[in-house]
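The values are calculated or read from the model by the stated rules, or taken from the named source; none is laboratory data. All figures in this text were calculated on a predicted structure; none of them were measured in a lab. We place every Cβ from the backbone using ideal geometry, glycine too, and count neighbours over all the protein chains shown.
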Amino acid sequence: MKFIIVSGGVLSGLGKGVTTASIGLLLKSRGIKVTAVKCDMYLNIDAGTMNPIEHGEVFVTHDGVETDQDLGHYERFLNETLSKVNYLTNGQIYQLVLNKERALEYDGACVQPYHHIPPEIIRRWHEAGQKNKAQVVLIELGGTVGEYEGLLFFEAVRRLKLKKPNDVLLVHVGYLPVPPSIGELKSKPLQQSVALLNSLGLQPDIIVARAEREVDKKRKEKIALASGLSLEEIISNPDVKTIYEVPLVLDRQRLAEKIIKKLNLKAKKAKLKNWRSVVTNFETSKQRVKFAIVGKYQKTGDYTLEDSYVCVVEALRHASNHFGIKPEFIWVDSEQLENLDLAEIKKLFNQAKAIIVPQGWGSRGVEGKIKAVRYAREHKIPFLGLCFGMQMATIEFARNVLGFKKANSQEVNPKTPYPVIHLMSNQARYLAKGQYGGTIRLGAWPCQIKPRTTLEQAYRKFGQAEKAPWYQPNPQKKLAYSKSSNLVVFERHRHRYEFNNRYRKLFEKAGFVISGTSPDGKLVEAIELANHPFFVGTQFHPEYASRPLAPHPIFAALMEVVSET
């Protein structure tokens, strides 16, 4: 088993995850079996309890682990479904070591971070490779070199490389800024991050130089000299129009061939035709379409960021690429929307061809989301509600169609007289004990789809991708479900509240279509409206399963409607 370690320097957010995923794609295209592991340095057990504004969107695996969004990049680039062994945090390792200490597995030894943490990290890396039957394990180290919390992960790399010098390769990703007053790429910050690596007993084998523009030969020569590498081992990774172009940028510099040679791997001729087609479509798409995304996690200070909704944005891009559309996004703050009147709302959504209300938690900005749903419903604008967005659509329908003016979710108002969205029956005991992390409904669960609905049409028409994740059962849950003739899909969840079946007949009588349920019929999985161009809400998260080579059928169905308007 071979290991490729991807570390970062200078600053966070460089794109180590995309670099890792790109290397994986290039090696896979040459017939090498790879897998990828994300190592996060925080003491959280997983990403589930983190604020998305601070950490970015949480990605949920098929087997129900709340992870860093980089696992989403791995899945999208490798076109493979990953699992809990592909995600590792400092907290997980410390918890494991402490549990072993309590069980006397260290035979009474004094348990110390330096002696006991690195071996567990290395064991987890091997476990990921073994369970995925990988020849090469790509390991992305979160954060930047030199940060205190990451030191033991770098120590694990040092020990692994000492033990297996021919089987471990270190790729270091660093940034070259362009100070406006100077106007040229400056390599000194990258050189200093390499010096920090050296101080930990590590020498990079390859450097990936991130910059706004192409890194020229002169800068490469400076980096190579300071790092003790050859010019060919310095790879330029400039900004590109789409992240899906990055593998091709790296391939033009023969990065995969260099890695294959250094690790003495056997490889076939690269097969990148399908990937090149995806990138070409991105570049040549001419029809511009605006999508309004109504959220509350995109604002941070004076900046509007996409990180909290990465999977939604990428799923829209995958589907739009399939139809030759170039998507543009109107970011709508749901809190600001609360204070707007109808005329102002109309002006805000005037150019939007579709309105998306994605995931969310809590009461902040809820009324703005409900206003957006109402506008989409009444003005026949294509609408997609994801998880919390489906719940907002339910509340809006209850208030403005059924006449339950005080209808709400118990999450927003525990005392609402019309709890059309209520706490799942098994969740009360977790909340009573303050058990929030890892206790919600997570991972892939079966959804039985009602015939002759928008949802069924979407899966029948666009869902036949090879090895599509939405047809793969959750390996962690051996669930029995009725073998009806209805279509059954397996979609990923992340929620604690659900549609209240007490109101189901009233909703259906008024034209609210329950188009997807759990096989036992108890959990409402998807809703839609019949007399509308496209109005769909899902309790699950289809965006997690969307990939460039296999757009999710629900997003593809939305895009088909949008492309025809």
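Considering only residues in region 449-466 that are within 18 Å of residue 530 (Cβ to Cβ) and free of Cβ contacts under 8 Å to residues at least 60 places away in the same chain, the one that is surrounded by the most Cβ atoms within 10 Å (Cβ to Cβ) turns out to be 456.
Residues that are at positive phi and in the same structural domain as residue 28 (by TED's automatic domain parsing) do not occur anywhere in region 205-225. The residue that is surrounded by the most Cβ atoms within 10 Å (Cβ to Cβ), counting only those in region 506-540 that are of a type in the set (D, E, K, R) and in a loop (DSSP other than H, G, I, E, B), is 520. Restricting attention to region 150-204 and to residues that are among the basic types (Lys, Arg) and closer than 26 Å to residue 136 by Cα, the residue that is farthest from the chain's Cα centre (by Cα) turns out to be 163.
Condition check ((1) modelled with pLDDT of 95 or more; (2) surrounded by fewer than 24 Cβ atoms within 10 Å (Cβ to Cβ); (3) touching an Asp or Glu at 6+ places or on another chain (Cβ under 6 Å)) across all residues:
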site: 28; (1), (2), (3): yes, yes, no
site: 32; (1), (2), (3): yes, yes, no
site: 50; (1), (2), (3): no, yes, no
site: 72; (1), (2), (3): yes, no, no
site: 76; (1), (2), (3): yes, no, no
site: 85; (1), (2), (3): yes, yes, yes
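Close Cβ contacts (under 6 Å, 6 or more residues apart or on different chains) running from residues in region 96-109 that are at pLDDT 95 or above to residues that are part of a helix (DSSP H, G or I) comprise 96/120; 97/116; 97/120.
All told, residue 312 meets the bar of being at pLDDT 95 or above and out of contact with any Phe, Trp or Tyr (no Cβ under 6 Å at 6 or more places or on another chain).
On the stretch given as region 343-370, residues that are more than 12 Å from residue 295 (Cα to Cα) and at pLDDT 90 or above total 12. For the residues 498, 543, the requirement of being assigned to a strand (DSSP E or B) and crowded, with 21+ Cβ neighbours inside 10 Å singles out 498. For region 223-259, a tally of residues being in a helix (DSSP H, G or I) and either buried (at least 19 other Cβ atoms within 10 Å of the Cβ) or under 28 Å from the mean Cα position of the chain (by Cα) (or both) returns 16. Checking 450, 478, 522, 505 one by one, the residue that is within 30 Å of the chain's Cα centre (by Cα) and at pLDDT 95 or above is 450 and no other.
When region 138-167 is examined, which residues are found to be part of a loop (DSSP other than H, G, I, E, B) and more than 17 Å from residue 37 (Cα to Cα)? Scanning region 138-167 gives 145, 146, 147, 164, 165, 166. The residue that is surrounded by the fewest Cβ atoms within 10 Å (Cβ to Cβ), counting only those in region 138-180 that are hydroxyl-bearing (Ser, Thr, Tyr) and either in contact (Cβ under 8 Å) with a residue 24 or more places away in the chain or within 18 Å of residue 20 (Cβ to Cβ) (or both), is 144.
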